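Working notes for the structure below.
The values are calculated or read from the model by the stated rules, or taken from the named source; none is laboratory data. Source: prediction; values computed, not measured. Cβ placement follows ideal geometry from the backbone for every residue including glycine, while neighbour counts extend to all protein chains displayed.
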Amino acid sequence: MLSIGQVAERTGLSVHTLRFYESEGVLLTSPVRRDSGGRRVYGEDDVAWLNLCVVLRGSGMPLPEIRRYTELNREGGTESDRLALLRAHEARVGEQIAELGRCLQLIRHKVAVYEDYLESR
């Protein structure tokens, strides 16, 4: 079992954020367990789930969609709904990557222009 501080270190989430997620009941697939002293304890499954949520959030998935994905996971038997949610997000991420690729091309062009200019001086 892991303390909230250990989970914060392993997920990159702050202790405050972990408490917020618990109070909202949105990002953990099961209620947070407590030890005999009333302190929160987490398992490896919790860490894996939170790391998935961190990746989804970092890739731009809005918190309400992560909440929905978590709810679907809790319900069980919702694989087709979860797949649809992930496919929609995958498409958005693909569009973002394509747009970033276009931005990178322009930036590289401008870098080359400045490098050529400075080399010719």
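For the range 26-37, the tally of residues that are modelled with pLDDT of 90 or more and either assigned to a loop (DSSP other than H, G, I, E, B) or among the acidic types (D, E) (or both) stands at 3.
Here V41 meets the list (1) part of a helix (DSSP H, G or I); (2) touching a residue at least 12 places away in the same chain (Cβ under 8 Å); (3) over 16 Å from the mean Cα position of the chain (by Cα) almost entirely, failing just condition (1).
Taking the criterion of being loosely packed, with under 15 Cβ neighbours inside 10 Å and either aromatic (F, W, Y) or free of Cβ contacts under 8 Å to residues at least 24 places away in the same chain (or both), the residues of the range 7-16 that qualify are E9, S14, V15, H16. Taking each residue of the range 64-89 that is free of Cβ contacts under 8 Å to residues at least 24 places away in the same chain and looking for partners that are surrounded by 12 or more Cβ atoms within 10 Å (Cβ to Cβ) and of a type in the set (V, I, T) with beta-carbon atoms closer than 6 Å, six or more apart or interchain, yields L72/T78.
Quick one: would you say S23 is among the small types (G, A, S) and either under 12 Å from the mean Cα position of the chain (by Cα) or modelled with pLDDT under 95 (or both)? Yes. So is G76 among the small types (G, A, S), within 20 Å of L27 (Cβ to Cβ) and under 15 Å from the mean Cα position of the chain (by Cα) or not? It is false that G76 is among the small types (G, A, S), within 20 Å of L27 (Cβ to Cβ) and under 15 Å from the mean Cα position of the chain (by Cα).
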